[in-house]
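Written below as structure tokens is the structure these notes are about.
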Amino acid sequence: MHSSDSDKLKATESVEAASSGLALFLQQFGERPIDEEPLQALFEKVERAKQEWEATADALPELICLLDDRGRILRANRAVEDWELSSVRDVRDRDLHAVMHPECPAGTCYLERMLNRLSFETDERKASEIEVYDELLKRHLRIQLRPMPTHKRPGSSVAAFVVQDITQRKQAEMALRRHTERLETMNEIGEAILAACAPSDIAQAALGRLRHLVPFCQARVTLWMPDTDEFVVMAAYVNGATHLRPGVAYPASDFRSGDDRRPNQHVRIDDLTELADLSALERQLVREDIRAYLSTPLIAEGSFIGTLSLGSDREATFDSEHEAIVYQLADLLAIAIRQAQLFEKLNRTNEQLQTALQAKDRMIQNVSHELRSPLSLISGYTDLLESADLGPLTPEQTRAVQVMRHQETNLLRMVERLLALQMINDEALNKDMLNLGAWLEGIVQSWAARAEKSGIALALDLPADLPPILVDAEVLEHVVENLLDNAFKFSPDGGPVCVRVRRAAGQVIVAVSDSGIGIAADNLPKVLERFYQVDDFTSRRFRGMGVGLALCKVIVEAHGGRIWAESRGEGRGSTFCFTLPATLGAADGRESVERVA
Ligand code: ADP
């Protein structure tokens, strides 16, 4: 049962008890013919009935009165004394309204109106009940008034008047409502903060909603700028509107008062005009008719970042509950503002990084382009020298030309790789169906001589019935060549190198593994980045630009595949794997059956 229901029930029971006692009293006193019993016995009965009624009524906390039809008290229970209205004895025959409201300023108050109706009502079914806040008694009351006809004077009535003090329940209900509203508004503020990105939008969203919980007429969120020791207004709420006042800055000294109130302290002032040593800001607030003032610091990750302050034109507006709400909001606001600031900073850094990366890419492309023309001239003259079109060469000159040719080839390869890094994408590919197995056999074959020279056992491991794949074989060759080149280069002591192909769901996986210097776990994802080279003693012995694997990544991804490195650690070999989408078999027209081999 709800507490209000049980209150109602109790009050009804009180009325019932009062009424039945009264009925008995009237019956005994008013209706029996006097000569039926000896007078003495009758008086005794009446006295007993009266005492029973009094005992019942006195034991109840409710104020219970029997009223005549003009609102005068016939009898009141002891609660009239507990309520400090009068004594039980003195209250008799007095006007109930005058007792309850001795100094009623209103012409007619709710109580008078209720009692006025009494003279017209004799029907007890016309009972009335109200819940009211009594301004004079400063209590929430539930009042029940039940007329009861008396047979003694036909047409006249008495009434049971029961008043229950429900102040505590009302206060609990109001506290619960306030608490719920606070939770709802805090939740709304939280959501608004999440939806906003810029610190000033966050502050603005919070101030707009705080209005539902705290009665202020001015509010502002300021951010402290440590470099200039100034406070910049991020959002302000003045006279019912939320304003953004970006750029309005106050020197920190404006916040310091003679009484040493500082912006990094909680401050609650009931009336600014009563203080002697106001800060410049407080003086300005007084000029704007602000009386009560509440200010709290915004602290994020232990650092002071700004203030949240409220003003009201009424003295002592802010109580401890308002203070608690503002502190809670300040915590939320500080974290949100800090995160938004970090997010903004991150975005700015990202933009700078993107610009720098684009500039770098442009520079690499430009330099590579510029290098191509002189390189082709050098190549042309080297051809002329080599073919002796410019005259016969001495053996030293021939060796020099060979070195030039070798270095020129290296240089040209580097330039082409750099240009390819920028230019290769899905659209630039010229794809055709490829028999992957036969193609890989050809490549591995071409590496046989170098393998033998390097003491490397080169193997190819192919599954049966590989599906044909749709690739740009000329471009893809760079990937296999580069992986083989690295496998050889980073296996200085020889050892096995294996090219293995497997089929998996919807794709073909090609893996090139060696048993060379290996890669530390930390470096595995980085080796595929542009210009990255593992910076340790073992790797530094080998030359390169850190472009090969980055180019492999671009080529594989342009084909819709993925590339990654695996290694069990330094000195324990490496495996580079890449995938290519398996395509519809050209030969049989059916989709190839992919299963992890
Ligand atoms: P580079 O063009 O300089 O050879 P890559 O992009 O091909 O650069 O390789 C980048 C780095 O990755 C190499 O400098 C090396 O540190 C590491 N790396 C590549 N392949 C292997 C491998 N098979 N074994 C060990 N380290 C390797």
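The values are calculated or read from the model by the stated rules, or taken from the named source; none is laboratory data. All values reported here derive from a predicted model rather than from experimental measurement. Note that each Cβ is placed from the backbone with ideal geometry, even for glycine, and that neighbours are counted across all protein chains shown. Please note that ligands, DNA and RNA were not included when accessible areas were found on the heavy atoms of the full protein model with its side chains. Shrake-Rupley method; radii C 1.70, N 1.55, O 1.52, S 1.80 Å.
Only helical DSSP H runs with n ≥ 4 go in: add -39500 (n - 2.57) per run for the chain, normalise by residue count and round the 222 nm mean residue ellipticity to 500 deg cm²/dmol.
-14500 deg cm²/dmol
Which values of log₁₀ I(q)/I(0), to two decimal places, follow from the Debye formula for region 258-371 at q = 0.11, 0.13, 0.22 Å⁻¹ with a uniform point scatterer at every Cα?
-0.53, -0.63, -1.14
Could you order Y381, Y133, Y327 so the one with the most accessible surface comes first? Probe is 1.4 Å.
Y381, Y133, Y327
Tell me, what is the 1.4 Å probe accessible area of V46, in Å² to the nearest 10?
10 Å²
Take the alpha carbon atoms of region 223-312, find their radius of gyration, then divide it by 2.2 N^0.38 Å using N residues; give the quotient.
Scaled against compact globular proteins, the figure is 1.05.
Using a 1.4 Å probe, what is the accessible area per residue for the chain, in Å²?
Normalised by residue count, the accessible surface of the chain is 55 Å².
Keeping every protein chain in place, order C65, C197 by accessible area at 1.4 Å, biggest value first, i.e. largest first.
C197, C65
Per residue, what volume in Å³ does the Cα convex hull of region 45-89 take up?
It is 73 Å³ per residue.
Using amide H atoms built 1.01 Å from N in the peptide plane, name the residues 5+ places from L460, or on other chains, whose amide H lies under 5 Å from its own.
Residues meeting the amide H criterion: V499.
Compute the helix-to-body angle for 320-386: its Cα long axis versus the longest principal axis of the chain, expressed 0 to 90° and rounded to tens.
With both axes taken from Cα atoms, the answer is about 10 degrees.
Carbon-plus-sulfur fraction of the accessible area of the chain, 1.4 Å probe, in percent?
Answer for the chain: carbon and sulfur cover 51 percent of the accessible area.
D259 accessible area, nearest 10 Å², 1.4 Å probe?
Looks like 80 Å² after rounding.
On a 0 to 90 degree scale, rounded to 10, what angle separates helix 548-558 from the longest Cα axis of the chain?
Approximately 60 degrees, to the nearest ten.
With all protein chains present and a 1.4 Å probe, how do K453, K45 order by accessible area, largest first?
K453, K45
Express the relative contact order of region 169-251 as a whole percentage, based on alpha carbon pairs under 8 Å and six or more residues apart in sequence.
Relative CO of region 169-251 lands at 22 percent.
Alpha carbon centre of region 58-115 versus region 355-386: separation in Å?
So the two Cα centres are separated by 108 Å.
Expressed as a whole number of Å, what is the distance separating the alpha-carbon centroids of region 166-225 and region 291-345?
About 11 Å separates the Cα centre of region 291-345 from the one of region 166-225.
With an 8 Å Cα cut-off and a minimum separation of 6 or more residues, compute the relative contact order for region 431-574 in percent.
Across region 431-574, relative contact order equals 23 percent.
If you place +1 on the Cβ of every Lys and Arg and -1 on the Cβ of every Asp and Glu, how big does the dipole about the Cα centre of the chain come out, in debye to the nearest 20?
Dipole size: approximately 860 debye.
For region 170-263, with equal point scatterers placed on the C-alpha atoms only and solvent neglected, what are the log10 I(q)/I(0) values from the Debye formula at q = 0.12, 0.13, 0.14, 0.24 1/Å, to two decimals?
For region 170-263 at q = 0.12, 0.13, 0.14, 0.24 Å⁻¹, log10 I(q)/I(0) is -0.50, -0.57, -0.64, -1.17.
Cα atoms only: what Rg and Dmax, in Å, come out for the chain?
Radius of gyration, then largest Cα-Cα span, for the chain: 47.9, 167 Å.
Could you work out how far helix 395-423 tilts from the main Cα principal axis of the chain, as a 0 to 90 degree angle to the nearest 10?
The two axes meet at around 20 degrees.
Could you give each residue of region 175-192 its phi-based ³J(HN,Hα) in whole Hz, using Karplus coefficients 6.51, -1.76, 1.60 with θ = phi - 60°, and x for Gly or Pro?
4, 5, 5, 4, 5, 5, 4, 5, 4, 4, 5, 4, 5, 4, 4, x, 5, 5
Residue by residue through region 264-269, what is 3J(HN,Hα) from phi via Karplus (6.51 cos²θ - 1.76 cosθ + 1.60, θ = phi - 60°)? Round to whole Hz and write x for glycine and proline.
Rounded to whole hertz, the list is 8, 10, 6, 10, 10, 10.
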